[in-house]
Amino acid sequence: MIASPAFRGKRYAVLGLARSGLATVEALAASGAEVTAWDNSESVRQSFRSSRAKSRGAGTDSEVRPSTTLGTNDVFVEDFTEIDLAGFDAIVVSPGVPLNTHPIAAKAREAGVPVIGDIELFAQARPSLPPHKVVGITGTNGKSTTTALVHHILKTAGVPTTMGGNIGLPILAQDPLADDGVYVLELSSYQIDLTFSLDCDVAVLLNVTPDHLDRYADFHAYAAAKRRLFEMQSAGHVALVGDEDSIDQSNWPNLQGPHNAQNARAAMAVCEALGLGTEAIAEGLKSYPGLPHRMERIAEKNGVLFINDSKATNADSTAPALAAYPYIHWIVGGRAKSEGLGPCADQLGHVRAAYTIGEAGPMFARLLEGRVPVRRSEVLASAVTEAAGAARSGEVVLLSPACASFDQFRDYEARGDAFRALVGALP
């Protein structure tokens with residue numbers, strides 16, 4: 001883990017005990033800080049007490065007490081939303097905590113205590129780490145692919161590197177890199193909101209389209225959150241903005257479509273800024289394996305290619321997927337984030353047929369009927385069977401829903417896993 005003398009002797013309250021919260025508690029406690037932790041879920045709190053007790057050899061009594069000290073460094077389990085916060089050095093919250101509505105925000109303001117995230121703690125720990133550089137990547141779409149791609153190119157070139165933030169393991173749970181390593185961070189707007197001193201050596205803004213407007217007053221406020229990644233940079237550091245120029249993608253099997261062209265261009269620019277040569281970058285692009293649920297090639301059966309793009313949860317991320325192949329059987333629907341086809345309307349010439357599913361299925365059927373053949377499949381299993389039966393050799397069955405998954409699945413990953421299993425069961 002990443003521990004730092006910067007936290008020694010300080011008091012922190014950690015709200016949310018999912019992956020990043022747990023990593024934060026462990027890193028702060030290992031650094032000699034006093035930590036008070038809380039999660040609104042009783043089962044999560046109980047699991048946390050039990051795991052902390054077991055890891056330090058404590059007895060069962062300490063596992064069940066509502067408030068207890070566990071381990072060498074103090075970790076108190078207490079609802080600090082109901083106590084006086086004066087005296088804490090910071091409140092550390094997970095990015096999922098909606099500060100526009102959660103009472104902790106007002107309570108922290110009243111006490112004069114900053115509300116931060118684990119990325120800010122990483123930023124504060126940087127002076128105690130071996131010499132290194134940080135790449136920060138944000139944008140509405142393409143963050144994960146670009147982050148993973150930069151990390152892959154660096155690793156292929158022999159550069160010590162790790163990735164974290166909104167992808168992979170929490171950054172504080174990872175071991176510090178050796179000298180001259182590169183931390184590659186995917187950063188959501190929520191994470192940037194909780195960060196105030198992350199001075200990226202290279203910062204990237206891929207794109208900004210309307211999203212997460214339940215957390216921001218309007219689109220301008222959301223875009224401003226993204227821009228803060230640049231505002232935290234020191235003079236002389238590199239700031240990159242995504243562009244729309246086309247490039248040859250023929251040697252990159254797992255980077256197809258105009259959106260992946262943008263991701264690749266950004267990754268190339270980052271690696272050039274870090275001093276990598278053309279050959280090293282080219283080798284990394286060619287060997288990049290791709291990410292699950294992001295234009296993932298699942299299988300080819302009877303000449304039909306099946307693509308899992310379940311991560312495409314809005315029209316802006318689905319449109320480039322539709323542009324990537326000339327003959328597509330498109331599985332679309334779920335819980336809509338907006339009404340209308342958006343930029344997908346410009347790519348319907350590639351769609352052989354659409355198979356609508358989920359809550360938004362009737363809306364998409366209404367929008368698409370008369371423009372492309374439509375099957376009202378309703379559920380993913382029916383859509384896969386119908387699309388596979390209709391597709392011919394050389395065509396593509398594409399799950400790119402342009403919607404959230406929460407109507408029928410736990411998350412986009414569960415939806416993509418279900419698609420993979422359904423395709424695997426096809427004859």
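List of remarks:
- Projecting the Cα atoms of GLY416, HIS151, SER94 onto the charge dipole of the chain (Cβ charges, centred on the Cα centre) puts GLY416 farthest toward the positive pole.
- In this rough spin-label picture, where each label sits 7 Å from Cα along the Cβ direction, the LYS301-SER51 distance is 3.7 nm.
- Proxy reagent accessibility, fewest Cβ within 10 Å first, across LEU99, LEU285: LEU99, LEU285
- Rg of the Cα atoms in the chain, relative to 2.2 N^0.38 Å, amounts to 1.06.
- Counting other Cβ atoms within 10 Å as a rough exposure proxy, the listed residues THR147, THR209 run THR209, THR147 from fewest neighbours to most.
- The aspartates and glutamates whose alpha-carbon is closer than 12 Å to the alpha-carbon of LYS133, local same-chain residues fewer than 8 away aside, are ASP179, ASP180, ASP199, ASP201.
- Note, ³J(HN,Hα) from phi for the stretch 284-296, Karplus 6.51, -1.76, 1.60, rounded to Hz, x at Gly and Pro: x, 5, 5, 9, 4, x, x, 10, x, 6, 10, 6, 7
- Those residues of the stretch 132-173 whose amide nitrogen sits under 19 Å from the label point placed on THR209, 7 Å along Cα→Cβ: 138-147
- For THR36, the residues whose amide H sits under 5 Å from its own are TYR12, ALA13, VAL14, PHE76, ignoring neighbours fewer than 5 places away on the same chain, with H placed 1.01 Å from N.
- FRET efficiency for the pair GLU339 and ARG227, taken as 1/(1 + (r/R0)^6) with r the Cβ-Cβ distance and R0 = 35 Å, rounds to 0.80.
- The chain, relative contact order in percent, only Cα pairs under 8 angstrom and at least six apart counted: 12 percent
- In plain terms, the residue of LEU348, LEU205, LEU149 with the fewest other Cβ atoms within 10 Å comes first and the most crowded comes last, giving LEU348, LEU205, LEU149.
- Within the chain, longest stretch clear of exposed trypsin sites (Lys or Arg not before Pro) (DSSP loop, no more than 14 other Cβ within 10 Å): 57-370
- Long-range HN-HN contacts of PHE406 with modeled amide H, under 5 Å: ARG335
- A Förster radius of 30 Å, combined with the Cβ-Cβ distance separating SER234 from SER287, puts the computed FRET efficiency at roughly 0.35.
- Length gained on full extension, SER246 to ILE83, computed as 0.36 nm times the residue gap minus the Cα-Cα distance: 53.1 nm.
- Long-range tail of P(r) for the stretch 296-424 (Cα pairs > 24 Å, %): 14 percent
- Put a dot 7 Å past the Cα of LEU99, heading toward its Cβ, do the same for ARG371, and the two dots end up 3.8 nm apart.
- Paramagnetic label zone (point 7 Å from Cα along Cα-to-C-beta, LEU169; backbone N under 15 Å) in the stretch 121-145: none
- Label-point separation, SER382 to ARG8 (7 Å along Cα→Cβ), nm: 6.5 nm
Rule-based calculations on the coordinates, nothing more; no lab input. Keep in mind that this is a model prediction, so the values were computed, not measured. Cβ sites come from the backbone with ideal geometry, for glycine too, and all protein chains shown count toward neighbours.
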